[in-house]
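Notes follow the structure.
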Protein chains: 2
Amino acid sequence: MKVKKIILNESEIPTRWYNIIADMPNKPLPPLHPGTLQPIGAESFSPLFPQALIEQEVSSQKWIDIPDEVREMYSIWRPTPLYRAYEMEKALGTPAKIFYKYEGVSPAGSHKPNTAVPQAFYNKKEGVKRITTETGAGQWGSALSFACNHFGIECEVYMVKVSFDHKPYRKVMMNLWGAKVFSSPSTHTEAGKKILASDPTTSGSLGIAISEAVERAAMRDDTKYALGSVLNHVLLHQTIIGLEAVQQMEKAGELPDIVIAPFGGGSNFSGISFPFLRMNFEQGLKIRCIASEPASCPKLTRGVFRYDFGDTVGMTPLLPMFTLGHTFVPAPIHAGGLRYHGAGAIVSQLLRDKLIEARAHNNVEVFEAGVLFAKTEGIIPAPEANHGIATVIQEAKKCKEEGVAKTILFNLCGHGHFDMKAYEDYFSGKIVKHELSDKEVANLIAKLETPEIPA
Amino acid sequence: MKVKKIILNESEIPTRWYNIIADMPNKPLPPLHPGTLQPIGAESFSPLFPQALIEQEVSSQKWIDIPDEVREMYSIWRPTPLYRAYEMEKALGTPAKIFYKYEGVSPAGSHKPNTAVPQAFYNKKEGVKRITTETGAGQWGSALSFACNHFGIECEVYMVKVSFDHKPYRKVMMNLWGAKVFSSPSTHTEAGKKILASDPTTSGSLGIAISEAVERAAMRDDTKYALGSVLNHVLLHQTIIGLEAVQQMEKAGELPDIVIAPFGGGSNFSGISFPFLRMNFEQGLKIRCIASEPASCPKLTRGVFRYDFGDTVGMTPLLPMFTLGHTFVPAPIHAGGLRYHGAGAIVSQLLRDKLIEARAHNNVEVFEAGVLFAKTEGIIPAPEANHGIATVIQEAKKCKEEGVAKTILFNLCGHGHFDMKAYEDYFSGKIVKHELSDKEVANLIAKLETPEIPA
């Protein structure tokens with residue numbers, strides 16, 4: 001009988017996270033103070049993050065130990081299974097071998113608890129009473145609520161309005177784990193009020209929600225902020241995915257030619273791909289790593305590399321990123337987790353150095369991909385995950401055309417149990433195709449006022 | 001570091017199902033023809049079921065081989081993990097060791113695919129084009145849709161009205177796997193029309209939905225019917241749960257003193273408990289097995305043992321069962337999967353022979369239990385599963401009072417991702433407590449007209 005999935009024991013949960021910065025030929029550029037345009041020191045982050053996370057944010061140490069308390073909580077759902085997608089291969093008639101790592105088995109339903117748990121842990125250890133955050137589709141907010149509940153920390157979530165309205169049950173899930181949830185922009189913060197005054201019917205965006213959550217944390221001594229993607233320490237925690245996948249692919253006797261993952265701010269993609277990029281760095285391999293983004297929010301494929309704010313209002317330091325501009329509000333696609341204007345500093349540097357690739361898919365194409373996956377493999381993917389599947393299908397078809405049996409690995413980052421409305425909209429033809437035109441992209445870039453980076 | 005879960009490899013998926021009939025001291029009584037009141041032969045089932053399933057239904061062979069095609073499909077989610085509930089133990093301050101088998105990892109989210117897959121497989125093998133069925137909360141309908149989609153069979157689901165209205169996304173899930181879903185009672189069948197004529201605002205029941213699905217299958221040559229619980233072959237397939245759990249408890253170095261599972265028609269409870277009852281039969285152990293039912297539908301704890309119909313209209317043979325009467329429509333509690341008037345023949349005989357126990361919990365109590373579980377263990381349980389958790393909590397508290405460290409195992413039969421409305425209702429105090437009064441039970445039993453069984 002064919003082996004469908006490769007599993008690991010709890011004792012095989014990695015004991016260290018992998019910090020790719022140690023191996024990068026060009027290190028990410030530093031964050032700048034928006035006033036002075038000078039690099040800012042680690043201490044500037046201390047109103048927002050506990051010391052341990054700031055140290056991880058700026059660390060150049062290659063391996064960072066995972067605390068036992070974190071590994072113990074990981075063991076609720078980790079190691080996650082690695083599957084061979086036999087049925088999808090058959091349906092595509094491809095000679096490619098397709099594998100996927102399934103992160104939807106976590107209680108919150110995605111890869112997000114991989115960083116929510118250590119973030120809550122380090123905050124708790126440093127006596128923080130409350131954590132604020134933003135959430136798009138609700139995956140990150142659920143994950144942080146789950147983690148905060150375990151460590152006995154209050155959790156306050158600003159949820160992007162379009163998702164808050166589309167996905168009421170994500171809110172109940174967060175409430176069940178004890179979190180307070182607000183529709184963003186809200187009248188709770190100065191940032192929210194300002195946005196609402198200028199555009200009362202806005203659908204919201206991750207950038208806006210970040211402004212709100214940061215403002216609340218900055219205001220209170222006992223409160224810190226947590227981000228679910230973009231930052232170095234978040235990407236670091238997510239490498240647990242790829243570190244497990246490396247072990248599992250070895251057990252399967254395979255090495256991927258291509259590693260694929262959806263791309264919002266970078267945590268999903270970095271999580272699975274960095275441990276394979278490490279093999280490129282250390283062993284001179286040429287594993288291709290492809291980030292899959294929405295055509296309605298194509299910062300990697302069509303944005304520019306320059307300094308920009310992480311949030312909409314401009315409260316964060318300036319970060320070096322591929323961006324479409326921090327004031328850009330992406331179309332209200334169902335993959336709320338990917339509606340973010342920019343990419344994290346590490347991923348942006350890797351893309352600039354052509355060490356990774358990117359590809360964009362429109363929102364109709366990704367649902368076609370997701371439905372094919374659900375009908376063949378059985379598991380119903382989150383709309384975010386469908387972006388990666390769309391790239392997988394393109395690569396698998398290319399293998400068929402060229403008669404080449406490549407090995408493809410992708411990150412099935414979450415299940416779609418809270419996204420049935422999206423599938424219903426797709427089946428009833430209610431999904432409007434969103435894809436930025438060349439003119440729209442040019443306009444967005446022309447509007448950018450933040451500092452350029454010399455070539 | 002504590003080991004949180006015991007996992008098995010795909011190669012350890014059992015190769016045979018366990019048929020408890022072989023070991024029962026008193027075999028279940030035969031089904032009767034409602035007209036002649038004579039035992040009916042296996043051939044009477046052939047309009048509804050494929051030959052292979054009828055053979056399993058009447059088999060007294062102790063072990064039945066699982067086809068490779070079924071084991072291969074099982075491997076999408078099986079073996080399922082067995083957890084130690086350390087955090088819930090801590091919260092309860094109990095000396096008891098609590099373990100749970102987690103069946104929510106299946107793509108449909110519950111234990112139901114364990115029987116949906118072999119049922120679809122045997123139907124396919126015998127050339128069946130279409131399968132009809134009923135579903136309560138949607139767990140069974142989703143499972144059968146998932147299985148039929150894989151084997152290329154059409155699937156038609158009659159979903160109990162109260163659940164159809166409460167849980168629209170279960171419908172989308174079934175549609176995603178290609179099934180047609182109707183609110184029951186419907187105007188699609190004579191049975192449905194008859195019920196609607198007498199009670200146009202009925203909330204529906206599993207008994208009514210069964211009448212509809214059976215009628216549709218009986219009408220068409222290329223169509224068969226599938227049931228998600230009650231019947232012997234369904235219980236047989238579910239023993240995969242307990243067979244794995246026996247291996248896992250052995251690996252954990254433990255033997256349960258008590259095995260607990262929710263009870264609707266019997267598939268959940270039988271699935272986990274029969275392989276442990278086998279140890280009682282073969283080794284003279286005294287493992288207690290407790291079935292947890294809703295106080296609004298207490299057939300095991302307060303019903304009578306006699307012949308009754310499996311459906312509301314009276315289309316099935318008469319079956320020996322603990323029942324509250326086939327016309328009883330249970331209160332519209334959120335645990336739709338447990339709203340069934342009777343218990344399967346095997347479980348009824350075991351209860352009559354005092355080889356198992358039963359306990360009832362009201363619908364407020366079970367949500368208290370489920371919320372405690374979600375807050376401690378992290379996983380959000382289905383409302384059906386909460387019934388088992390309520391019994392676990394009672395037993396764990398008893399251990400605390402008595403200072404005894406018993407080992408308790410329960411079946412966490414599904415996740416609550418499609419039940420967030422139920423939790424929302426619970427949090428907002430909208431759940432009305434349902435519990436049958438003595439007078440209501442007496443009235444139900446007085447109404448029974450089907451044949452009694454001599455003591």
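Any read-out appearing in this document is the output of simple, stated calculations on the displayed coordinates, not a laboratory observation. Note that this is a predicted model, so its numbers are computed, not measured. Note that we place each Cβ from the backbone using ideal geometry, even for glycine, and neighbour counts take in every protein chain shown.
Give me the tail of P(r) for region B:111-233 as a percent: Cα-Cα pairs with distance above 18 Å. Tail of P(r) above 18 Å: 46 percent of Cα pairs. Close amide H partners of A:ILE260, meaning residues 5 or more places away or on another chain with modelled amide H under 5 Å apart, are A:ILE290, A:LEU409, A:PHE410, A:ASN411.
The HN-Hα couplings worked out from phi for region A:419-428 by the Karplus form 6.51 cos²θ - 1.76 cosθ + 1.60 (θ = phi - 60°) are 10, 5, 4, 4, 5, 4, 4, 4, 5, 8 Hz, whole numbers, x standing for Gly and Pro. Amide H contacts under 5 Å for A:LYS97: A:LYS406, A:THR407, A:ILE408, restricted to partners 5 or more places along the chain or on a different chain, H placed in the peptide plane at 1.01 Å from N. With K and R counted +1 and D and E -1, the other residues having a Cβ less than 15 Å from that of B:GLY403 yield a net charge of 0.
For region A:124-174, the relative contact order is 45 percent, taking Cα pairs closer than 8 Å that sit 6 or more residues apart in sequence and dividing their mean separation by the residue count. The local environment of A:GLU156, defined by Cβ-Cβ distances under 9 Å, has a net charge of +2 under the rule Lys, Arg +1 and Asp, Glu -1. Label-point distances for B:LYS2 to the equivalent site in the other copies, using a point 7 angstrom along Cα→C-beta, read 3.9 nm when ranked shortest first. Using the alpha-carbon positions of region A:347-418, Rg (one decimal) and Dmax (whole number) come out as 13.5, 38 Å. Note on the protein assembly as shown: antiparallel DSSP beta bridges, both residues inside, total approximately 40 percent of the bridges counted. Helix-derived [θ] at 222 nm for chain B: sum -39500 (n - 2.57) over DSSP H runs of at least 4, divide by residue count, nearest 500? My calculation for chain B gives -12500 deg cm²/dmol from helical runs alone. Note on B:376-382: average number of Cβ atoms from other chains within 10 Å of each residue's Cβ is 4. Straight-line reach from A:LYS2: which lysines have a Cα under 20 Å away, not including same-chain ones fewer than 8 places off? Straight-distance partners of A:LYS2: A:LYS90, A:LYS97, A:LYS101, A:LYS251, A:LYS375, A:LYS406. Taking packing as the residue-averaged number of other Cβ atoms within 10 angstrom, the listed peptides A:155-164, A:26-35 run from highest to lowest as A:155-164, A:26-35. Each peptide among B:44-57, A:53-66, A:106-119, B:408-421 gets the average number of other Cβ atoms lying within 10 Å of its residues, and from highest to lowest they stand as A:106-119, B:408-421, B:44-57, A:53-66.
Near B:HIS326, once Lys and Arg are set to +1 and Asp and Glu to -1 for all other residues with Cβ below 9 Å from its Cβ, the sum equals -2. Per residue of peptide B:100-109, the mean number of Cβ atoms on other chains within 10 Å of the residue Cβ is 2. Partner shielding of B:411-422 amounts to 3, given as the average count of beta-carbon atoms from other chains within 10 Å of each residue beta-carbon.
Across the copies of the chain, B:SER60 has label points (7 Å from Cα along Cα→Cβ) spaced 8.0 nm apart, shortest distance listed first.
Starting from the label point of B:GLY178 at 7 Å along Cα→Cβ, the same points in the other copies fall at 4.6 nm, in ascending order. Computed over the alpha-carbon atoms, region B:271-408 gives an Rg to Rh ratio of 1.00, Rh here being the Kirkwood radius from the mean inverse distance. Calculated from the alpha-carbon coordinates, the protein assembly as shown shows an Rg and a Dmax of 27.8, 95 Å respectively. If I take all pairs of Cα atoms in region A:164-217, what percentage of them are more than 14 Å from each other? Here the long-distance tail beyond 14 Å is 55 percent of all Cα pairs in region A:164-217.
Whole-percent P(r), region A:44-138, all Cα pairs, 5 Å bins from 0: 2, 10, 16, 16, 17, 14, 8, 6, 5, 3, 1, 0. Across all directions, the average flat footprint of the convex hull enclosing the Cα atoms of region A:1-97 is 11.2 nm².
When chain B is turned onto chain A, its residue with the beta carbon nearest the axis, and that distance in whole angstrom, is B:HIS417, 2. With semi-axes defined as the square roots of five times the eigenvalues of the C-alpha gyration tensor, the equivalent ellipsoid of region B:180-288 measures 39, 15, 11 Å, largest first. Shape analysis of region B:239-339 based on the Cα gyration tensor places the equivalent ellipsoid semi-axes at 30, 15, 12 Å, largest first. Relative contact order, whole percent, for region A:380-455 stands at 37, derived from Cα pairs under 8 Å and 6 or more residues apart. Taking chain A, the Cys residues with no second Cys beta-carbon under 4.7 angstrom are A:CYS289, A:CYS297, A:CYS399, A:CYS413. Normalised by 2.2 N^0.38 Å, where N is the number of residues, the alpha-carbon radius of gyration of region A:82-139 equals 1.74. The lysines whose alpha-carbon is closer than 21 Å to the alpha-carbon of B:LYS167, local same-chain residues fewer than 8 away aside, are A:LYS167, A:LYS171, A:LYS421, A:LYS430, B:LYS112, B:LYS180, B:LYS421, B:LYS430, B:LYS433.
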